[in-house]
Amino acid sequence: MNLEAASERSRPVLSSEQDSFEALFKAEYNRVAGIANRVLADAQEAEDVAQEVFIDFHRLHSAKAQYAAAWLYRASAHTALNRVRGNRRREKREQAVAHDEAGQALDPQRIAESNEERRRLRTALARLPKKPAEVLVLRSSGLSYAEVAEAIGVNTGQIGTLLRRAENALRKEVNRESPE
């Protein structure tokens, strides 16, 4: 009986928190999405950012917190800016790859050399310990230091050091294999 009574008492609290979050969402969604839209100039992506921000807030904070609106606005701006930065990095990578491929597409010798270089790099990468290999792959895939840190479970401040060490280890592995 005591467990049932405790369970019944916790239900209204849970409902109240859910109601508070729903009220916060309804009150602030348009403004949070609007902030993201001003940064991104893309309504659909701004809505994605707003949803991400609200999910993060709900996971980390109480909807009754006095700082809720300010946190949501700031997180919306930061998340939208991170999306812009990520898009820029992706565009630069895609342009670099397209430029490289355009220059090499006509030269079979360069294609063969490039394929051999990729094979050597992948072989050397496979010989690295797990953590350095993950850092290199995640960072070269365009993830920010913060995203890499979260993915491998370390502090963001460690990523630069881990990345440099991983690059040095990879360089040694490639040179070790190299017949030159």
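Data table
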item	result
Residues of the range 28-74 that turn out to be in a helix (DSSP H, G or I), of a type in the set (Gly, Ala, Ser) and free of Cβ contacts under 8 Å to residues at least 40 places away in the same chain, as a count	5
Lone qualifier among Ala169, Ala112 - being small (Gly, Ala, Ser) and touching a Pro at 6+ places or on another chain (Cβ under 7 Å)	Ala169
Residue list for the range 58-77, restricted to those being surrounded by 16 or more Cβ atoms within 10 Å (Cβ to Cβ) and of a type in the set (Phe, Trp, Tyr)	Trp71, Tyr73
When residues of the range 130-156 are limited to those that are β-branched (Val, Ile, Thr) and more than 9 Å from Ala166 (Cβ to Cβ), the one surrounded by the fewest Cβ atoms within 10 Å (Cβ to Cβ)	Thr156
Residue in the range 68-82 that is farther than 30 Å from Glu173 by Cβ, modelled with pLDDT under 80 and out of contact with any strand residue (DSSP E or B) (no Cβ under 9 Å at 6 or more places or on another chain) present	no
Hits in the range 129-156 (condition: modelled with pLDDT of 85 or more and not in a helix (DSSP H, G or I))	Pro129, Ser144, Gly153, Val154, Asn155
Residue count for the range 36-67, restricted to those that are at pLDDT below 90, of a type in the set (A, V, I, L, M, F, W, C) and closer than 15 Å to Leu81 by Cβ	4
Qualifying residues in the range 1-35 (those that are among the hydroxyl-bearing types (Ser, Thr, Tyr) and at pLDDT below 50) - the one nearest to Arg74 (Cα to Cα)	Ser10
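The values are calculated or read from the model by the stated rules, or taken from the named source; none is laboratory data. These numbers were taken from a predicted model, which means no experiment stands behind them. Cβ sites come from the backbone with ideal geometry, for glycine too, and all protein chains shown count toward neighbours.
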